[in-house]
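S.K.: This is the structure I want to talk about, given as structure tokens.
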Amino acid sequence: MWNSIAFAQEAGETAPDANPFGPMLLIIGFVAIFYFFLMRPNMKREKERREMLAALNKGDEVVTTGGIYGTIVGLDDESVVLRVSEDPAVKLQFSRGAIAKRKPERDSG
């Protein structure tokens, strides 16, 4: 029985040649999808965040990553001092990177 299975394929028949670039194209496709759907949007968000942190000024209303709302009363390259209450004595100092977002300015009209 094994002999009949082993000799079932004739000597003249060969397996069809697979495209050698098929697996390479598949990998390139996965890398492209990974870049355009994951890496590129993340790099764009990080760039916008860096620009927002660089543009902080006194008087800006911000929210920290911990959810604390406050107004900037002092800042330097490393840290930000926020007034978190109507009482001027209540101030907290945060790392500049702890600022999550700047609240949009309100229209006064």
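S.K.: Take GLU61 and tell me if it is out of contact with any helix residue (DSSP H, G or I) (no Cβ under 8 Å at 6 or more places or on another chain) and either among the small types (Gly, Ala, Ser) or modelled with pLDDT of 90 or more (or both).
M.R.: Numbers: out of contact with any helix residue (DSSP H, G or I) (no Cβ under 8 Å at 6 or more places or on another chain): yes; either among the small types (Gly, Ala, Ser) or modelled with pLDDT of 90 or more (or both): yes.
Taking the combined requirement at face value, the residue satisfies it.
S.K.: A further question on this structure: Quick one: is GLY66 touching a helix residue (DSSP H, G or I) at 6+ places or on another chain (Cβ under 9 Å), within 25 Å of ARG96 (Cβ to Cβ) and not aliphatic (A, V, I, L, M)? Before the answer, list the steps.
M.R.: On the way: touching a helix residue (DSSP H, G or I) at 6+ places or on another chain (Cβ under 9 Å): yes; within 25 Å of ARG96 (Cβ to Cβ): yes; not aliphatic (A, V, I, L, M): yes.
Against the criterion (touching a helix residue (DSSP H, G or I) at 6+ places or on another chain (Cβ under 9 Å), within 25 Å of ARG96 (Cβ to Cβ) and not aliphatic (A, V, I, L, M)), GLY66 qualifies.
S.K.: Every residue in the stretch 27-72 that is within 20 Å of the chain's Cα centre (by Cα) and basic (Lys, Arg), please.
M.R.: Hits for the stretch 27-72 are ARG40, LYS44, ARG45, LYS47, ARG49, ARG50.
S.K.: Something else about it: Within the stretch 52-94, how many residues turn out to be part of a helix (DSSP H, G or I) and either under 17 Å from GLU105 (Cα atoms) or in contact (Cβ under 8 Å) with a residue 12 or more places away in the chain (or both)? Working first, answer last.
M.R.: Restricting attention to the stretch 52-94, the residues satisfying the condition of being part of a helix (DSSP H, G or I) are 52-54.
Remaining after also requiring either under 17 Å from GLU105 (Cα atoms) or in contact (Cβ under 8 Å) with a residue 12 or more places away in the chain (or both): 52-53.
Within the stretch 52-94, residues that are part of a helix (DSSP H, G or I) and either under 17 Å from GLU105 (Cα atoms) or in contact (Cβ under 8 Å) with a residue 12 or more places away in the chain (or both) number 2.
S.K.: Quick one: how many residues across the stretch 61-109 are surrounded by 15 or more Cβ atoms within 10 Å (Cβ to Cβ) and among the aromatic types (Phe, Trp, Tyr)?
M.R.: Qualifying residue count for the region: 1.
S.K.: Let me ask another. Within the stretch 88-105, can one find any residue that is at pLDDT below 90 and within 25 Å of the chain's Cα centre (by Cα)?
M.R.: Checked against the condition, which is being at pLDDT below 90 and within 25 Å of the chain's Cα centre (by Cα), the stretch 88-105 yields at least one hit.
S.K.: Which condition number in (1) at pLDDT below 90; (2) touching a strand residue (DSSP E or B) at 6+ places or on another chain (Cβ under 6 Å) is the one that VAL81 fails?
M.R.: Failing condition for VAL81: (1).
The values are calculated or read from the model by the stated rules, or taken from the named source; none is laboratory data. Keep in mind that this is a model prediction, so the values were computed, not measured. Using ideal geometry, Cβ is built from the backbone for each residue, glycine included, and neighbour counts are taken over all protein chains shown.
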